[in-house]
1. Which entries in A:K154/B:K155; A:K131/A:K184; A:K61/A:K131; A:K50/A:K154 show an alpha-carbon gap greater than 27 Å?
2. Taking a quarter of the surface of the convex hull around the Cα atoms of the protein assembly as shown, what do you get in nm²?
3. Using only Cα atoms, locate the centre of region B:333-376 and the centre of region B:244-288, then give the distance between them in Å, rounded to an integer.
4. Beyond 15 Å, what share of the Cα-Cα pairs of region B:126-205 is found? Please give it as a whole percent.
5. Run through the DSSP bridge list for the protein assembly as shown and note the antiparallel percent, rounded to the nearest 5.
6. Mind pulling the per residue volume of the convex hull built on the Cα atoms of region B:26-171? Å³ is fine.
7. Which of B:I106, B:I271, B:I306 moves most in a GNM of chain B, Cα contacts under 10 Å?
8. Would you mind giving the mean number of other chain beta-carbons within 10 Å of the Cβ of each residue in A:46-56, as a whole number?
Amino acid sequence: MTGTTHTSSPHIEVSNLDLSYGDFVIQKNLTFTVNHGDVFIIMGGSGCGKSTVLKCLIGLKSPARGIVRFDGADFWSTAASTREAMMRRFGVLYQSGALWSSMTLAENVGLPLGEYTELGAAEIRDLAAMKLALVGLAGFEDFYPSEISGGMQKRAGIARAMALDPDVLFLDEPSAGLDPISSKLLDDLIVELRDSLGTTMVIVTHELASIFSIGTNSVFLDPVSKTMIAKGDPRELRDHSPDPNVREFLNRGASAMTKGPDPARTDSSRPTEAAR
Amino acid sequence: MESAVRLAENILAQAPRMTVAKDHATDRKTGAFSVEMGTAGVGLLAFSGDWTLQAKAPGAAAIASALAAGTGIRRIGFDTDALAQWDSTFITAILGVVAQGKAAGIDVDLGGLPAGAQRLVTLATAVPERQGARRTATRDGFLVGLGKWWLASYKSMQDSLAFVGEATIALARFSVGRARFRRVDLMIALEACGPKALPIVTLISVLIGLILAFVGAIQLRQFGAQIYVADLVAIAMAREMAAIMTGIIMAGRTGAAFAAQLGTMQVNEEIDAFRTLGFSPMEFLVLPRMLALIVMMPLLCIYANILGILGGGIVGIWMLGLTPTAYYVQTIASVSLTDFGIGISKSVIFGIVVALAGCLKGLQSGRSASAVGDAATSAVVLSIVMIIVLDGFFAVVTSIMGI
């Protein structure tokens, strides 16, 4: 378990955020704060708009209403060029890895370095190799994304997201499609990077094992009321949330499912053990 | 939700096995039902025979009308003693009854159903239908449809114009050396648009030359004017056919490839990754492809000219008995540099059209496999239509200019 403080200064502040596609409201009235050094979890059932919230935070989708601030600076109501500059300060790991398939891993990691630094080709290659080594992919510099496994693609995606030493790293469902061991290793990597580099992590996930083992703060989105119905330490929410829906979600529906054989038994990942 | 689905799969997997064992030897009996009035307003719905996907059971509508006909029913019960095999068909029928009962405010007692069926019905009714989730099929009137079509076309026109504008800016930035893209991407695009397109351009150009010569030869031979086949082929290739045919080949070959490449990158979130890292997809992805076609299309057009004229020469020499020298001299005399210039400038324009259409459709692609296919298709269609329309425009302009 990771001991982190909740007393550090706010890094990302979201207030009264509304998100919609045309007239179709995805989420409304979101207000939460991500502190420096948090491993912040955005969670909720499938289809509740987690990924849309992430898109808004990383500058791909403008909000219908509300304010997003990074270190106090307004993200959406500034000029596009200022927003671009702010976007340089964060890295994103996409759900599918989103590595550029026509480039090798070293080129994937090196491209942002070549673009935003004055480094020479040899230095960029060394730096890219170092980033890949950090995520456990030393020796894979000249592999193409299609030649490595899904878990390795996610790791390489993190290496690329970390290329410019960002202040905040956004991860969209990092453990989706990974086996429990790879997923655990990825969680360890996230915590390690946070501890060693001080990077704030914002993770969209519904993987309970990850949520409890690495999350220090969270927001819970509800698809029915289309807003957040809980926030805070996920372990705290699991045991003491006043909202039964939140407790049910975080306890794997244990309080609701009473009839029939418990299908959760047959599942390979056991959340309660991983959380310990 | 996930656990509920798995539970349903378990039960469904068990259901046929249990029932098949029970009644395997007897003839398959078609499912049937009857409604009996019991005591105290209980309508007893009795099922018999097979209620399976293969057996022809009465539909939910028949049960609904039978129940509606029974007056004074205050409670619905089930009798399934005579029921042989059942599967999802039966559950669907029961769900219809449950929904009908709910609408009419009548209690439905599931007690009489087989245990597995009871569990499935409970499962299906456990999560209430999400409000507003069901899609209602609405038929728009003619005017509404027309309005929607116009709005969609207007939006797409706006997007296309914005795209062309951005592409122009990217080209301008390139010309002052400020565009950012990987040189290796340009090299790959150049190879795909140039050397790799040569075989098909060779084949098509020679054949087009042959065909033009044949068409002309049949007519011109009647007047003994075979030698003018050379004029016909040379002028047609130089002014029109070389540029149009390479344009259409490149639309099918390269434009479709561009759309599919960028569409797949869209699906894989690779385009999003470019955007969040501050790389302009226009400069990074579109510009190298556009440059490659701008460079290669005129070269391919010149190549197609030469081969087309050679193709015409084959017909002229072997079929019409012209000497190679006569054919050559006649060709040189008939076409001017202006004719070639018109064809070659058109090919540059067609190259830009193919690149822009392919990249635009690719970047606008939706995030599914069929959307990428649609993007490739519409890129080719758009390119070819634009090539023909622009060619008509050029024909009018050159005739007004008298060249």
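1. Correct reply: A:K154/B:K155; A:K61/A:K131.
2. Working: hull surface 178.6 nm².
Its Cα hull, projected and averaged over all orientations, spans 44.7 nm².
3. Using only Cα atoms, the two centres lie 13 Å from each other.
4. Roughly 80 percent, once rounded to a whole number.
5. On the way: 26 of 55 bridges.
Here the share of antiparallel DSSP bridges comes out near 45 percent.
6. Spelled out: Cα convex hull of region B:26-171, divided by residues, is 219 Å³.
7. Of B:I106, B:I271, B:I306, the Gaussian network model singles out B:I106 as fluctuating most.
8. Partner-chain Cβ atoms within 10 Å, mean over residues of A:46-56: 1.
Any read-out appearing in this document is the output of simple, stated calculations on the displayed coordinates, not a laboratory observation. Note that the coordinates shown come from a computational prediction; the quantities given were computed from them, not determined experimentally. Don't worry about glycine lacking a Cβ; one is built from the backbone with ideal geometry, like all the others, and counts go over all protein chains shown.
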